[in-house]
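Q: Here you go, one structure.
The values are calculated or read from the model by the stated rules, or taken from the named source; none is laboratory data. Predicted model only: the values in this text are computed from it and were never measured. Cβ coordinates were reconstructed from backbone atoms using ideal geometry, including for glycine residues, and neighbour counts include every protein chain displayed. We work out accessible area using only protein heavy atoms, side chains counted, and drop any ligands, DNA or RNA first. Shrake-Rupley method; radii C 1.70, N 1.55, O 1.52, S 1.80 Å.
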Amino acid sequence: MIDIPDELIATQYAYNGAAGRAFVAALPGLAGRFLEEWGLRRDGAAMYGMCALVLPVVREADGVPAALKLQLVDEETVGEPVALRAWGAAGAGAVGVLGHDPGTGALLLERLDEGRPLSGIAGGGGVPGGSRLVGEVADARRAVTVLGEVLARLAAVPAPEGLRTLGDAVERMLAAAPEAVARLADEEERRLLADCAAAVREVAGEPGDRLLHWDLHYDNILAGRADAGRAGEWVALDPKPLAGDPGFELFPALDNLFDAGEVVWRFDALTEALGMERDRGRARAWTLGRVLQNAVWAVGDGERQLAPDHAEIARRLLGVR
């Protein structure tokens, strides 16, 4: 029996409608199918995120621990096995692929230490207002440094052919930007989003060709396992890959575990890790592009204001204050 978490059901119903309901209904059958076809046995409680159900398993033929990942295939997830294999071939520090079914998107992945996400070394969650205690800042900065090292390895790999591209995403967001700006209720936020769009227009002609993760935050990096030869490594997982400029990768590390006073420090540390410290303007423009992309989506869902953390990131990077 597969227990499907209520949170995963709610997310699928809310964001994917009929397709999400069909996916949830099919999950028990999919799990049973791949446990049998790939010779797996359950090895722990089910885990989940917004998009996927993950079952810890052991491969019965050789006793190798693994993770069976079941998710709805869409434009963001369809490239996951392609990206993971490209990073694996380059030794870039992403989770290994042990099996893949193209028809359903099911993945059999290397097992990582799910109890040790990078967020665990980042200290406490801060205090109201987005500030941290002195010791927590040091821990959070260590997590940012590790993330920057992982990000640099991933972004060094050229994107394989056929992935969605940042160029296409930019074309769509810039086309939608005027309406998104107009729909915001606050005049200052309208100016802020218009500035983000202007920055993106300056770099839109060179969208880049690196293999991007797109969602590299602190919970998408886990410690490797000694029994897989990964002791001491931090390993990336759950990409939503696309081809583009590494500057488009910085936003999740600024927004996740948000601390307004640390935005500029994190930005500087990440641009240095990527070798972009001499081209901070380009990195800044692409980071503002993530603010714009999120705002376009939010306005499309009926919102009339920017997410407060996103607005503050834009202000800090634009030098408003």
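Q: Measure nothing but the geometry: give the 0 to 90° angle between the long axis through the Cα atoms of 280-300 and the longest principal axis through the Cα atoms of the chain, rounded to 10°.
A: It is inclined by approximately 80 degrees.
Q: Let me ask you something else. If I take every Cα pair under 8 Å that is 6 or more residues apart in the chain, average their sequence separation and divide by the length, what percent do I get for the relative contact order?
A: Working: 532 pairs, mean separation 53.2, N = 321.
The value is 17 percent.
Q: Leaving out ligands, DNA and RNA, and with a 1.4 Å probe, what % of the accessible surface on the chain is carbon or sulfur? Before the final figure, lay out each step's value.
A: Details: 7320 of 14440 Å².
Heavy-atom surface of the chain belonging to carbon and sulfur, 1.4 Å probe: 51 percent.
Q: Out of the GluC sites (Glu not before Pro) in the stretch 41-78, which ones are loop residues according to DSSP with at most 14 other C-beta atoms within 10 Å?
A: Numbers: sites: GLU60, GLU75, GLU76; in loops: GLU60, GLU75, GLU76.
The qualifying sites are GLU60, GLU75.
Q: What span do the alpha-carbon atoms of the stretch 58-120 cover on each of the three principal axes, reported in whole Å from largest to smallest?
A: Principal extents (Cα only, largest first): 31, 29, 23 Å.
Q: Would you please name the trypsin sites (Lys or Arg not before Pro) within the stretch 232-318 that are DSSP coil residues with at most 12 other C-beta atoms within 10 Å of their C-beta?
A: Numbers: sites: ARG266, ARG278, ARG280, ARG282, ARG284, ARG290, ARG304, ARG315, ARG316; in loops: ARG304.
Within the stretch 232-318, the qualifying trypsin sites (Lys or Arg not before Pro) (loop, at most 12 other Cβ atoms within 10 Å) are ARG304.
Q: So, one more: Considering the stretch 63-211, what Rg and Dmax in Å follow from its alpha-carbon atoms?
A: Considering the stretch 63-211 through its Cα atoms, Rg and Dmax are 19.8, 60 Å.
Q: How many Å² of accessible area per residue for the chain, probe 1.4 Å?
A: Working: 14440 Å² over 321 residues.
Computed with neighbouring chains in place, this is 45 Å² per residue.
Q: Still on this model: Compute the semi-axes of the equivalent ellipsoid of the stretch 1-55, taking the square root of 5 times each eigenvalue of the Cα gyration tensor, and list them largest first in whole Å. Please list the in-between numbers first.
A: Working: eigenvalues 89, 31, 12 Å².
So the equivalent ellipsoid measures 21, 12, 8 Å along its semi-axes.
Q: Report the calculated FRET efficiency for VAL64 and VAL264 (r = Cβ-Cβ distance, R0 = 35 Å), to the nearest 0.05. Numbers along the way, then the final one.
A: Numbers: r = 44 Å, r/R0 = 1.26.
In this case the efficiency is close to 0.20.
Q: Taking the alpha-carbon centroid of each part, what is the distance from the stretch 153-193 to the stretch 15-46 in angstrom?
A: The two parts, judged by their Cα centres, are 33 Å apart.
Q: Something else about it: When DSSP beta bridges are limited to those with both residues in the chain, what percentage is antiparallel, rounded to the nearest 5? List each step's numbers first, then the result.
A: Numbers: 30 of 32 bridges.
Within the chain, antiparallel bridges account for around 95 percent of the total.
Q: What list of whole percents do you get for P(r) of the stretch 193-305, with Cα-Cα distances grouped in 10 Å bins up to the one holding the largest distance?
A: 13, 39, 35, 11, 3, 0
Q: Subtracting the Cα-Cα distance from 0.36 nm times the residue separation, let me have the gained length for GLU7 to LEU318 in nm, one decimal. Present the calculation step by step, with values, prior to reporting the outcome.
A: Details: separation 311, 0.36 × 311 = 111.96 nm, distance 3.65 nm.
Between GLU7 and LEU318, full extension yields an extra 108.3 nm.
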